[in-house]
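Below is one structure, written out as structure tokens, with a few remarks after it.
The values are calculated or read from the model by the stated rules, or taken from the named source; none is laboratory data. Remember, predicted model here, so these are calculated numbers, not experimental data. Because the Cβ atoms are built from the backbone with ideal geometry, glycine has one as well, and the counts that use them run over all protein chains shown. SASA here: full protein model, heavy atoms, side chains in, ligands and nucleic acids out. Shrake-Rupley method; radii C 1.70, N 1.55, O 1.52, S 1.80 Å.
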Amino acid sequence: MSGSMAFVKDVEAATRVSRIGGLPLAPEGFSWPLCSRCDGPLRFLLQLMADDLGDHTESLRPGALLSFFMCDNDPGQCEAWDPEAGGNRAYLFAADTTVAAPSPGEAFVLPQCFEIGICEVEPETADEVADFKVVGWLGGEAEWWDTDMTPTCSTCGTPMGFVSQMREGYSRNWLMNFGGGEAFVFACPPCDAASVVLQG
């Protein structure tokens, strides 16, 4: 893996930056995603904006925005770890076509919203960087906890490109609840597709 990501500061719910929490930015008319198993709304967890990430990842084209939602209605029961099971959803949008999407309720967004900043640090020394908490890694290769689960793009059939590896967080106000594990974020820019796998 290459660059680390540290949360920087709390920001407004619809800020146009890479962040954990807040309201998702999505195209006009976006329908809030529902879990395929329990039919409840998924919780919005994070967005990554390519223009914030610089040279740290080649798997997002300039101007792209990647959003991630996950079911937390019945933790552990909706197979949120598997991107094909319908318990999580990842989207790739053109950032300049997005607006804040209204939430279907307070339970489907995190209580706090933090901007994600980039800092260069080696993984073994990254538990804390200055006063910031490291929340994940950008670019390079995924460091799987178990077997390699790189997803294949359902449109073009090729392996997706690795974007980031995210920790679930340090505070209950922005804990993303990956079951103690991490989220592996992938994208296929030519197909405007994204996917997230959880391992832990």
Accessible surface of the stretch 25-178 [probe 1.4 Å, protein heavy atoms]: carbon and sulfur percent: 46 percent
Accessible surface, the chain, averaged per residue in Å² (probe 1.4 Å): 46 Å²
Estimated D of the stretch 50-195 in µm² per second, where Rh is the Kirkwood radius over Cα pairs and Stokes-Einstein applies at 4 °C, 1.567 mPa s: 79 µm²/s
Computed over the stretch 10-98, the ratio Rg/Rh where both radii use C-alpha atoms and Rh is Kirkwood: 0.99
For Arg61, residues with placed amide H under 5 Å, excluding near neighbours: none
Built amide H within the under 5 Å cut-off of Val11, gap 5+: Cys113, Phe114, Glu115
FRET efficiency, Ser154 to Thr97 (Cβ-Cβ, R0 25 Å, nearest 0.05): 0.65
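Cβ under 14 Å from Ala90's Cβ, Ala90 left aside: what net charge do those residues give with Lys, Arg +1 and Asp, Glu -1? Please report the intermediate quantities before stating the final value.
Numbers: positive: Arg43, Arg89; negative: Asp82, Glu84, Asp192.
Residues near Ala90 contribute -1 overall.
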Reciprocal mean inverse distance between Cα atoms of the stretch 143-186 - Kirkwood radius, Å: 12.0 Å
For Met176, residues with placed amide H under 5 Å, excluding near neighbours: Gly169
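Net charge near Pro111, counting Lys/Arg +1 and Asp/Glu -1 over other residues with Cβ under 15 Å of its Cβ?
Values: positive: Arg19, Arg43, Arg172; negative: Asp10, Glu12, Asp72, Glu106, Glu168.
That sum, taken over residues with Cβ under 15 Å, equals -2.
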Estimated vicinal HN-Hα couplings, Hz - the stretch 90-106 in sequence order (Karplus 6.51, -1.76, 1.60; Gly, Pro = x): 10, 10, 10, 10, 7, 4, 6, 9, 9, 9, 5, 8, x, 7, x, x, 4
For the stretch 174-181, 3J(HN,Hα) per residue [Karplus equation, 6.51 cos²θ - 1.76 cosθ + 1.60, θ = phi - 60°, Hz, x = Gly/Pro]: 9, 6, 8, 6, 8, x, x, x
Relative contact order (percent, whole number), the stretch 56-200, Cα cutoff 8 Å, 6+ residue spacing: 29 percent
